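Structure, as structure tokens:
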Amino acid sequence: MPNGDNGDKRVIGLYGEMALAMELHARGWQVYRAYIDEQVDFVIARYYCTKCKDFSGLEKRAKGKGAFPTDLCQKCKTKSLRFVFRLIQVKASEGVDPSGPDDARKFSFHAKLRSNVDDRAFYAWIAIFKQGPKKRPKSHFFIFHHKDIERFDDLELDSYQKTDNQKTTLRISPDGTVKNRSLKGYDYDAFNSEFRDAFGKFKDILPIDIA
């Protein structure tokens, strides 16, 4: 994949978004992409049954070609479905070549969703590694709630309040391991233990979902 000017960055961003969309679709989410993606890039949604306490589909009234969906839960056949959605800001990067003694590349991600944000807002940061001219790039996904930003960044920095240039730098190995050390109360270990490939976080039911 290219690595260079703003045009290349847009290609990388689009590749990351498409890779994420396919992962979400495979897990049962409907994926909606904004025409003008300022802060929110994806809206994802699926049905949750408040009686079954689980995600479900729509019961169909008939079989075969004449089947049509109803407003009933596919599992318990009751009208207990909620259309649960999540807002996602997606950031994808190829990073820069290793500068240290190991093979970790340096990735910079911009956290725009910082305050006055809906509780259903999440981040998906994607580290993309090339694997050769005839191989598909490898994507590593780090998924977390917008409130998790304060666990590894100082939200009181002037650069957070006055500009859009404050970024989080992660050193990531080709196998997806984040090499940052957790220092000064910042929990970078969470990227490996909690955030990596954490697609299940989207299924955590929030109070706002069933209010």
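Could you list which residues have their amide H under 5 Å from that of Ser182, counting only those 5 or more apart in sequence or on another chain, with H placed in the peptide plane?
For Ser182, the qualifying residues are Tyr188, Asp189.
Using a 1.4 Å probe and counting only protein heavy atoms, arrange His25, His145 so the residue with the most accessible area comes first. Could the numbers behind the result be given before it?
Working: His25 125, His145 30 Å².
Ranked list, largest accessible area first: His25, His145.
Can you say what percent of the DSSP beta bridges in the chain, counting only those with both residues inside, are antiparallel? Round to 5. Intermediate values should be presented prior to the final figure.
Details: 34 of 41 bridges.
Bridges in the chain are about 85 percent antiparallel.
Return one number: the angle in degrees, 0 to 90 and rounded to the nearest 10, between the long axis of the Cα atoms of helix 6-26 and the longest principal axis of the Cα atoms of the chain.
40 degrees
At a threshold of 8 angstrom on Cα-Cα distance, excluding pairs fewer than six apart, so keeping six or more, what relative contact order does the chain reach in percent?
Values: 359 pairs, mean separation 34.3, N = 211.
For the chain, the relative contact order is 16 percent.
Would you please put 78-84, 105-111 in order of how densely packed they are, using the mean number of other Cβ atoms within 10 angstrom per residue and starting with the highest?
Values: 78-84: 16.3, 105-111: 17.9.
Most protected by this proxy first, the peptides run 105-111, 78-84.
Only sites in a loop by DSSP and with at most 16 other Cβ atoms within 10 Å count here; which GluC sites (Glu not before Pro) in the range 134-211 make the cut? Could you put the intermediate results ahead of the total?
Values: sites: Glu150, Glu156, Glu194; in loops: Glu156.
For GluC sites (Glu not before Pro) across the range 134-211 that sit outside H, G, I, E and B with at most 16 neighbouring Cβ atoms in 10 Å, the list reads Glu156.
In the structure shown, do any of Lys91/Lys201; Lys9/Lys201; Lys91/Lys167; Lys106/Lys138; Lys106/Lys201; Lys79/Lys147 have a Cα-Cα gap over 21 Å, and if so which? Before the final figure, lay out each step's value.
Values: Lys91/Lys201 17 Å; Lys9/Lys201 27 Å; Lys91/Lys167 11 Å; Lys106/Lys138 16 Å; Lys106/Lys201 25 Å; Lys79/Lys147 33 Å.
Those over the limit are Lys9/Lys201; Lys106/Lys201; Lys79/Lys147.
Under a Cβ-Cβ cut-off of 13 Å, what is the net charge of the residues other than Gln30 that fall near it, where Lys and Arg count +1 and Asp and Glu count -1? Could you put the intermediate results ahead of the total?
Working: positive: Arg27, Arg33, Arg46, Arg86; negative: none.
Within the 13 Å Cβ shell, the charges total +4.
Can you work out ³J(HN,Hα) from phi for every residue in the range 168-180, in order, using Karplus 6.51 cos²θ - 1.76 cosθ + 1.60 and θ = phi - 60°, giving whole Hz and x for Gly and Pro?
Going residue by residue, I get 9, 9, 10, 9, 10, 7, x, 7, x, 7, 7, 9, 4 Hz, with x marking Gly and Pro.
For the range 34-153, give the percent of accessible area contributed by carbon and sulfur heavy atoms, probe 1.4 Å, rounded to a whole number.
Numbers: 3170 of 6630 Å².
Result for the range 34-153: 48 percent of the exposed heavy-atom area is carbon or sulfur.
Dipole magnitude of the chain about its Cα centre, charges +1 at Lys/Arg Cβ and -1 at Asp/Glu Cβ only, in debye to the nearest 20? Walk me through the numbers before you get to the answer.
Details: 38 positive and 30 negative charges, 257 e Å.
About 1240 debye.
Heavy-atom accessible area of Arg120 with all protein chains present, probe 1.4 Å, nearest 10 Å²?
Arg120 exposes around 40 Å² with every protein chain in place.
Where does the chain land at 222 nm, in deg cm²/dmol rounded to the nearest 500, when only DSSP H runs of n ≥ 4 count, each adding -39500 (n - 2.57), divided by all residues? Numbers along the way, then the final one.
Working: 3 runs with 30 residues, N = 211.
So the helix-based figure for the chain works out to -4000 deg cm²/dmol.
Could you state how much accessible area Thr70 has, in square angstrom rounded to the nearest 10, with a 1.4 Å probe and all protein chains kept in place?
20 Å²
The values are calculated or read from the model by the stated rules, or taken from the named source; none is laboratory data. Keep in mind that what you see is a predicted model, and the values were worked out from it rather than measured. Every residue, glycine as well, gets a Cβ built from its backbone with ideal geometry; the counts of neighbours run over all protein chains shown. Heads up: the accessible areas ignore ligands, DNA and RNA and are worked out on the full protein's heavy atoms, side chains in. Shrake-Rupley method; radii C 1.70, N 1.55, O 1.52, S 1.80 Å.
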